[in-house]
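For reference, the structure is listed below as structure tokens.
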Amino acid sequence: MKAPTLLPLDKDKHFGRLVIIFVSVGFIAIFAAGLAAAFAVQRNGEHTAWLIHTYDVERAIGRVDSAVQSMRFARRGYLLDRRPAIREDYAEARGDLQRAIDRVAELTRDNAMQQRLIPQVRALAREMDAMLLFTMAEADAGRMTGIGRRAGDAGSADVSSRIQKATAAMLAEEQRLLGQRVRAQQSSITLFYWALGLGGILLFFVAIGSVATIRHYTSGLMRSRNQLRVLNEDLEGAVRVRTIDLQRANDEIQRFAYIVSHDLRSPLVNVMGFTAELDAATHSLRALIDRAEAEAPAIVTEEARLAAREDLPEAIGFIRTSTQKMDRLINAILRLSREGRRTIAPETLDMVGMFQGVADTLRHRTEEVGATIRIADDLPPMVSDRLAVEQIASNLVENAVKYLRRDRPGIIEVTGQRRGLRVLYQIKDNGRGIDPKDHERVFDLFRRSGEQDQPGEGIGLAHVRALAYRLGGTITVASQLGEGAVFEVNLPAVFAGAGEKDR
């Protein structure tokens, strides 16, 4: 069957480039609009501050005119009624005038035209104050006549008029500046809206382009997904068929190993039996040689004597040793075969208790070699097959005890942790260590590493790895010669075949 055509790789690259371009343009537009808006807002703030400044100047100029009129009204009232309170009102109005002029001078420090008018206003204020004070002093002395009062009113009115002309000129200047500043503020506001508008338009087109591109790609992706679903359906069927084939092949291998082991055992039993008979015959032959040497030594040759007393016993010893080793190997193959056929029975396991039980079993051996087994009290529990996990734990701890160094106290540490859906257990020792080139070899059947001064056939770690694989896990080792070893077992926290009751 012809495989469906999937989305080409160059289309994926083209889509990626388009998305990057649109996103980049969008970010640039947002950044540019933000800068323009920030600049416009800053300028608008500056212009607003100047507008407020202009209004402050106008209010200060207005207070100058108001203070002048208050002085005139207080002087006129004092001429009519010479109460001290009215004289105090005059003094307060005079102080207000001076403060108002000082305020205008302070606010217009940056305006040369206004600064030129300030001395004129101060001089007129002093002139009017002197004139008004003179008329009030004349009134106090009783020399004020109707003609003098009218002359004083006319004089003060003239000075007040000149002050008003000066303040009017100052107000006109502020009005001119106000107009400029209002127009500048409007320009900054217009710039702000233009920046927002252009940024919005650019973002609109970027959004349209992005949506169109994503929609086009999504439609292609949907077609590819439908095609992948068809492929997955076929693949799932193929996987099921292949899994059945692999399971069948595995069963065949298990049966073959079991049958071969049994078939090997039959001739091996015969060899062991005939070896025992040969050994018994050797005893008779040696007795015959001994009798012949005693009665007729001339008929016994040196070759016959060596054959009966050394060669035959040595050969029989070699045969017996080899058959015993063969028997152990066959038993190991049978054990692995039976383990592969055994049904997994998941249950919740207390790993602290399990490792403690292993340590208790090896207590006599650890006391004999002066070793210490330390088991962490926070080992994570798991749901798996008890027998398989116990065999893994006992093999690893027993191996650690077996290959400790004799020149330092042995320390074996068992730690563990949970990572997501899996649990990791580390068995660390300070023993002989393993050459890095043998890290994989030690897990092979009948393979060993380093000095062979300990009993064993190289089956334990191969058995451990087979058990770990069957439980859905792995085992690795990290080690250097003379620095000890760390075996790490990685297993699922809950075995895949465990039911809800085991969780």
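The values are calculated or read from the model by the stated rules, or taken from the named source; none is laboratory data. Everything numeric here is computed off the predicted structure, so don't read it as measured data. Glycine gets a Cβ as well: all are built from the backbone with ideal geometry, and neighbour counts include every protein chain shown. Protein only, heavy atoms only, side chains kept; ligands, DNA and RNA dropped before computing areas. Shrake-Rupley method; radii C 1.70, N 1.55, O 1.52, S 1.80 Å.
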About the Cα centre of the stretch 47-131, how large is the charge dipole given +1 on each Lys and Arg Cβ and -1 on each Asp and Glu Cβ? Please answer in debye to the nearest 20.
-> 280 debye
Gained length - Ser219 relative to Asp110, 0.36 nm times residue gap less alpha-carbon distance | 32.5 nm
Report in % the part of the accessible area of the stretch 45-147 that belongs to carbon and sulfur, leaving out ligands and nucleic acids; probe 1.4 Å.
-> 55 percent
What are the radius of gyration and Dmax of the stretch 344-501, computed over its Cα atoms and given in Å?
-> 15.2, 50
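What does the charge count near Ile189 come to, summing +1 for each Lys or Arg and -1 for each Asp or Glu among other residues with Cβ under 13 Å from its Cβ?
Numbers: positive: Arg43, Arg181, Arg183; negative: Glu46.
Around Ile189, the surrounding residues sum to +2.
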For Asp385, other-chain or 5+-apart residues with amide H closer than 5 Å (H placed, Pro excluded) are Glu347
What does the accessible area per residue of the stretch 344-501 come to in Å², with a 1.4 Å probe and no ligands, DNA or RNA counted?
-> 49 Å²
When the gyration tensor of the stretch 36-136 is built from Cα positions, what are the square roots of 5 times its three eigenvalues, in whole Å, from largest to smallest?
-> 38, 14, 7
Percent accessible area from carbon and sulfur atoms, the stretch 344-501, protein chains only, probe 1.4 Å = 50 percent
